[in-house]
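Below: the structure, in structure tokens.
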Amino acid sequence: MKASFMANSLNLLLLRPSFPHFQCLFLRPSSYPRRRFKTRFYANYPSQNMDSQTTQNQILHEFRFFRVHKNGHIEKFQSTEKTPPFDDKVTGVQSKDVVVSSEPAISARIFLPKIQDPTRKLPVLFYVHGGGFCFESAFSPKLHNYVTTLSSEADVIAVSVEYRLAPEDPIPACYEDSWAALQWVASHGKRNGPEAWLNEHADLDRVFVAGDSAGGNISHYLASRVGSDGLPGVKLVGAVLVHPYFGGTDDDKMWLYMYPGNGGLQDPKLKPAVEDLARLGCERVLVFVAQKDHLREVGWSYYEELKKSGWGGNVEIVENEGEGHCFHIEDLSYVKAQALIKRFVSFLKED
């Protein structure tokens, strides 16, 4: 028995160079590189037959956040953890999830700060998450904590929309879902909407839209649409665009792919048109850019173009020196993240 075991072990070692699955068994722990791997998942699980696997390896398109295979499979490089709503014991902020629409499937997470005076109505922050239009969620732990912080420190009711993601649901789904969710908020204008927290506590004459990265882009779209279409039951006071995406980078090809009906690089959803800027349906805009962000220049360009557009409101810009894209969401305890949040909150509290 012992001789047989030794012989089998010797054969296994001799086979090792030809079988990578066996090679990994013999790597010492110290030989593994210390690096963070990207999580990848398939929107449609591939077939196990050899022909399908061969096709699976034929890549049709590859972008920053996903690749598309010739057999139709979409391989995303980011996955998103989701956490259920809960009452935050530290801040006193309560949260719950609501259905905005069943068809299409649109939902939102609502955050209610600790109520000090039941007779006082609170401003509403409508928040749109980022993620390149194709990943992230209003229900992810880091965004839950971020919006909880904003709700607590600004003393606002926050509504964080869960929109459909591209390319499985192509653009403009994310824009239309966000607009539908903002309309849903407006449906509480007469205190008889479907959500009790908004009926009882919301001041819909003080509504703000805000978002980071792709969410900043969508927030601009919402403010422009309020200006063109109106939003009965709501007064949109301001918009906060944090490190917003407005084209002008290598990611434009990805955005155009995700939007089959796009109007090219001058599409107003990608590069805001002057007329859209001029009719923003709010009084104030705050733009954040980060010094080391690849979107820094387009953020500054948006600020300059808005000032020249003829829009009658007030726009401000803040640059986060020495920081990269959306740094503030990764670590809320970081001193510069706290400074960004403090400025964000002061904008919401301005009269």
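Candidates in the range 310-349 are the residues that are acidic (Asp, Glu), open to solvent by 70 Å² or more (accessible area, probe 1.4 Å) and in contact (Cβ under 8 Å) with a residue 12 or more places away in the chain; of these, the one that is farthest from Glu297 (Cα to Cα) is Glu330.
Can you pull out the residues in the range 226-252 that are within 19 Å of the chain's Cα centre (by Cα), over 18 Å from Leu306 (Cα atoms) and not in a loop (DSSP other than H, G, I, E, B)? The one that is within 19 Å of the chain's Cα centre (by Cα), over 18 Å from Leu306 (Cα atoms) and not in a loop (DSSP other than H, G, I, E, B): Asp252. Tyr257 meets each of the listed conditions (1) assigned to a helix (DSSP H, G or I); (2) in contact (Cβ under 8 Å) with a residue 40 or more places away in the chain; (3) over 25 Å from Arg67 (Cα atoms) apart from (3). The residue list Ala202, Ala223, Ala210 contains one member that is open to solvent by less than 10 Å² (accessible area, probe 1.4 Å), small (Gly, Ala, Ser) and under 15 Å from the mean Cα position of the chain (by Cα), which is Ala210. Entry remark, the range 181-211: residues being over 27 Å from Leu286 (Cα atoms) and acidic (Asp, Glu) number 2 in total. Selection of the range 260-309 for residues being open to solvent by 80 Å² or more (accessible area, probe 1.4 Å) and in a loop (DSSP other than H, G, I, E, B) yields Pro260, Lys271, Arg279, Glu283, Gln291, Lys292, His294. For the range 54-76, does any single residue satisfy the condition of being modelled with pLDDT under 50, open to solvent by 30 Å² or more (accessible area, probe 1.4 Å), out of contact with any Ser or Thr (no Cβ under 7 Å at 6 or more places or on another chain) and part of a loop (DSSP other than H, G, I, E, B)? So far as the range 54-76 goes, no, none of its residues is modelled with pLDDT under 50, open to solvent by 30 Å² or more (accessible area, probe 1.4 Å), out of contact with any Ser or Thr (no Cβ under 7 Å at 6 or more places or on another chain) and part of a loop (DSSP other than H, G, I, E, B). Within the range 173-180, one or more residues are among the polar types (S, T, N, Q) and touching a strand residue (DSSP E or B) at 6+ places or on another chain (Cβ under 8 Å). Got at least one residue in the range 136-149 being open to solvent by 40 Å² or more (accessible area, probe 1.4 Å) and outside any helix (DSSP H, G or I)? Looking for residues that are open to solvent by 40 Å² or more (accessible area, probe 1.4 Å) and outside any helix (DSSP H, G or I), one finds none in the range 136-149, hence no. Within the range 189-198, the set of residues being closer than 17 Å to Ser95 by Cβ and either touching a His at 6+ places or on another chain (Cβ under 6 Å) or without any contact (Cβ under 8 Å) to a residue 12 or more places away in the chain (or both) comprises Ala196, Leu198.
Out of everything in the range 124-135 that is surrounded by 23 or more Cβ atoms within 10 Å (Cβ to Cβ) and of a type in the set (A, V, I, L, M, F, W, C), what residue ends up being farthest from Arg164 (Cα to Cα)?
Just the residues of the range 124-135 that are surrounded by 23 or more Cβ atoms within 10 Å (Cβ to Cβ), to begin with: 124-130, 133-134.
In the following step, the residues that additionally are of a type in the set (A, V, I, L, M, F, W, C) were identified as 124-126, 128, 133-134.
On the way: Val124: 22, Leu125: 20, Phe126: 16, Val128: 12, Phe133: 9, Cys134: 8 Å.
Taking the candidates together, the pick is Val124.
The set of residues in the range 151-199 that are crowded, with 20+ Cβ neighbours inside 10 Å and among the basic types (Lys, Arg) is empty.
Could you please give the count of residues in the range 105-135 that are more than 19 Å from the chain's Cα centre (by Cα) and of a type outside the set (Lys, Arg)?
Let us first name the residues in the range 105-135 that are more than 19 Å from the chain's Cα centre (by Cα), namely 112-123.
Applying the additional criterion that residues be of a type outside the set (Lys, Arg) yields 112-113, 115-119, 122-123.
Residues meeting the conditions: 9.
The values are calculated or read from the model by the stated rules, or taken from the named source; none is laboratory data. Please read all numbers here as calculations on a predicted model, not as lab measurements. Every residue, glycine among them, receives a Cβ derived from its backbone with ideal geometry; neighbour counts consider all protein chains shown. Only protein heavy atoms, including side chains, enter the accessible area calculation; ligands, DNA and RNA are left aside. Shrake-Rupley method; radii C 1.70, N 1.55, O 1.52, S 1.80 Å.
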